[in-house]
1. How about the stretch 71-87: which of its residues are out of contact with any helix residue (DSSP H, G or I) (no Cβ under 7 Å at 6 or more places or on another chain) and free of Cβ contacts under 8 Å to residues at least 24 places away in the same chain?
2. Across the stretch 161-189, what is the number of residues that are in contact (Cβ under 8 Å) with a residue 60 or more places away in the chain, surrounded by 14 or more Cβ atoms within 10 Å (Cβ to Cβ) and over 30 Å from residue 205 (Cα atoms)?
3. Any residue in the stretch 97-109 that's free of Cβ contacts under 8 Å to residues at least 40 places away in the same chain: show its pairings with residues that are assigned to a helix (DSSP H, G or I) at Cβ separation under 8 Å, as long as the two are six or more apart or on different chains.
4. Would you be able to tell me the number of residues in the stretch 122-143 that are exposed (fewer than 13 other Cβ atoms within 10 Å of the Cβ) and either under 18 Å from the mean Cα position of the chain (by Cα) or closer than 23 Å to residue 50 by Cα (or both)?
């Protein structure tokens, strides 16, 4: 059957688009599907960029607290630059995750609401099966990401306070004093990266469901 060999991403958008066409709003379904699909790519891309920035910030922090350094300004400036980039990327990730949750909630809510418009029982059943399957898969992202906002905010706050402390005392003694806190932040970075792993896995599952063409 040709419809079953069509790309699942395209078919899903066409299916929901058909629902809105029948309901008198031809483009809304396709627009929602495209917006939701784009939000997945955005979240995935930003999380991967965030991990790169976490690694860069961690490396510069570790370089800054190496004992015996005489020139502290250069490693401090490097740390400050990487911290700024991480802060920017982390803010994007949290925003993208919120956007994905909102767009997917609206997407599946409208799909369910309009699902009864099909007069063909087979198509109606297929629509509900696809909606349920995709909704379940999408729900894994916020489930996997539970607690990330709190962990990230605590982590970035510590990094900023380390920067602020050293901006007032960028001396060997200042470095020595802040080192235990900095080392703890390095450990927090690894924990944060580990917590992002399940989110990436959940996003990969969504992409496989949408784009693999497999049942």
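1. Residues satisfying the conditions are 71, 74, 77, 81, 84.
2. 9
3. Listed by first residue and then by second, the contacts come to 108/131; 108/134; 108/135; 108/138.
4. 2
Each row is one residue, and each column tells you yes or no for (1) under 23 Å from the mean Cα position of the chain (by Cα); (2) modelled with pLDDT of 90 or more.
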residue: 7; (1), (2): no, no
residue: 25; (1), (2): no, no
residue: 53; (1), (2): yes, yes
residue: 57; (1), (2): yes, yes
residue: 75; (1), (2): no, yes
residue: 78; (1), (2): no, yes
residue: 82; (1), (2): yes, yes
residue: 114; (1), (2): no, no
residue: 120; (1), (2): no, no
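The values are calculated or read from the model by the stated rules, or taken from the named source; none is laboratory data. Fair warning: this is a prediction, and the values are worked out from it, not measured in the lab. Cβ sites come from the backbone with ideal geometry, for glycine too, and all protein chains shown count toward neighbours.
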